[in-house]
Amino acid sequence: GAVVSQHPSWVICKSGTSVKIECRSLDFQATTMFWYRQFPKQSLMLMATSNEGSKATYEQGVEKDKFLINHASLTLSTLTVTSAHPEDSSFYICSARDWDSYNEQFFGPGTRLTVL
Amino acid sequence: GNSVTQMEGPVTLSEEAFLTINCTYTATGYPSLFWYVQYPGEGLQLLLKATKADDKGSNKGFEATYRKETTSFHLEKGSVQVSDSAVYFCARGGAQKLVFGQGTRLTINP
């Protein structure tokens, strides 16, 4: 149980285009989903927290107009990187928790974004 | 503040060696503590967890004990294998968010 998927697993796009990454909880209802960014050989940086049906809460320094997050259902959250630039290239990881998981988050496999 | 500090890597060991990766935390109250493992090119997988003081989490031969008096959650394994090569993250939970340590890259040589 507690499986989280991400799609796509990797994507290459041109500078200036927008890219959407999906995060799904496959066998549980995720009341909260998290989006992280990971630079090579570094730890995870929390970008934002989203609760189903409400606006995402962004961490300090993360541009909400640049990284659009939608959590429209209990099993799906999307991250859209708008007008992507090479510096947005990174490994994006989502996680999800349900209401009784006692702070435990279940992580997706990650999406590697490369912006040319 | 609330933070997690891990032993700096990289750590390189021979197969069957004893492993310790230190982790200490600061927090108000008694957060849940976790160890996650990340294999190359993949997301994080929960390795083990402990939710209260003196709890011992264990999985795949790895163990960690929640030590309130030393605010530590050190990861140990008695005999490592080449397949244990990965990056290990200590984390503390609380108020919805997980706070991660910086990660420790472990390489096991045959």
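Could you identify which residue out of B:A91, B:A17, B:A64 has the top mean-square fluctuation in a GNM of chain B using Cα springs shorter than 10 Å?
The residue that fluctuates most here is B:A17.
Given a cut-off of 30 Å, name the pairs among A:K41/B:K77; A:K55/B:K68; A:K66/B:K68 whose C-alpha atoms lie farther apart than that in the structure shown.
Details: A:K41/B:K77 23 Å; A:K55/B:K68 36 Å; A:K66/B:K68 41 Å.
Violating the 30 Å limit, Cα to Cα: A:K55/B:K68; A:K66/B:K68.
Explain nothing, just the number: dipole magnitude of the protein assembly as shown about its Cα centre with +1 on each Lys and Arg Cβ and -1 on each Asp and Glu Cβ, in debye rounded to the nearest 20.
Details: 20 positive and 21 negative charges, 70 e Å.
Once rounded to the nearest 20, the dipole reads 340 debye.
Give the interface area between chains B and A as buried accessible surface, both sides summed, probe 1.4 Å, in Å² to the nearest 100.
Working: alone 5980 and 6590 Å², together 10950 Å².
When B and A are taken together, about 1600 Å² of accessible area is lost.
How far is the Cα center of the range B:1-41 from the Cα center of the range A:7-23, in Å?
Result: 31 Å between the Cα centres.
Of all the accessible heavy-atom surface of the protein assembly as shown, with the other protein chains kept in place and a 1.4 Å probe, what percent is carbon and sulfur? Before the final figure, lay out the partial values.
On the way: 5540 of 10950 Å².
Percent of accessible area from carbon and sulfur atoms in the protein assembly as shown: 51.
Starting from 0.36 nm per residue, how many nanometres of slack lie between B:S83 and B:D54 once their C-alpha separation is accounted for?
Details: separation 29, 0.36 × 29 = 10.44 nm, distance 2.88 nm.
Stretched fully, the B:S83-B:D54 segment lengthens by 7.6 nm.
What is the local net charge at A:S89, summed over the other residues whose Cβ is closer than 13 Å to its Cβ (Lys, Arg +1; Asp, Glu -1)?
Numbers: positive: A:K14, A:R37, A:R112; negative: A:E87, A:D88.
Here the count lands on +1.
To the nearest 20 debye, what is the magnitude of the charge dipole of chain A about its Cα centre, counting +1 on the Cβ of each Lys and Arg and -1 on the Cβ of each Asp and Glu? Don't skip to the end; give the middle numbers.
Numbers: 10 positive and 11 negative charges, 74 e Å.
Dipole of chain A, to the nearest 20 debye: 360 debye.
So for chain A, taking the charge dipole from beta-carbon charges (+1 Lys/Arg, -1 Asp/Glu), which of A:S50, A:L79, A:M33 sits furthest toward the positive end?
Selected residue: A:L79.
Just in the range A:3-75: which trypsin sites (Lys or Arg not before Pro) are loop by DSSP and have at most 11 other Cβ atoms within 10 Å?
Passing sites in the range A:3-75 are A:K14, A:K41.
Which of A:D27, A:D98, A:D88 moves the most in a Gaussian network model of chain A with Cα springs under 10 Å?
It is A:D27.
Between B:Q45, B:Q96, B:Q81, where does the largest GNM mean-square fluctuation fall for chain B, given springs only between Cα atoms within less than 10 Å?
Per the Cα network of chain B with a 10 Å cutoff, B:Q96 tops the list.
Please compute the net charge surrounding A:S73, taking Lys and Arg as +1 and Asp and Glu as -1 over other residues with Cβ under 10 Å from its Cβ. If you can, show how the numbers build up before the last one.
Details: positive: A:R24; negative: A:E52.
Within the 10 Å Cβ shell, the charges total 0.
The values are calculated or read from the model by the stated rules, or taken from the named source; none is laboratory data. Source: prediction; values computed, not measured. Methodologically, a virtual Cβ is constructed for each residue, glycine included, from the backbone with ideal geometry; neighbour enumeration extends over all protein chains shown. Heavy atoms of the whole protein, side chains included, go into the accessibility calculation; ligands, DNA and RNA do not. Shrake-Rupley method; radii C 1.70, N 1.55, O 1.52, S 1.80 Å.
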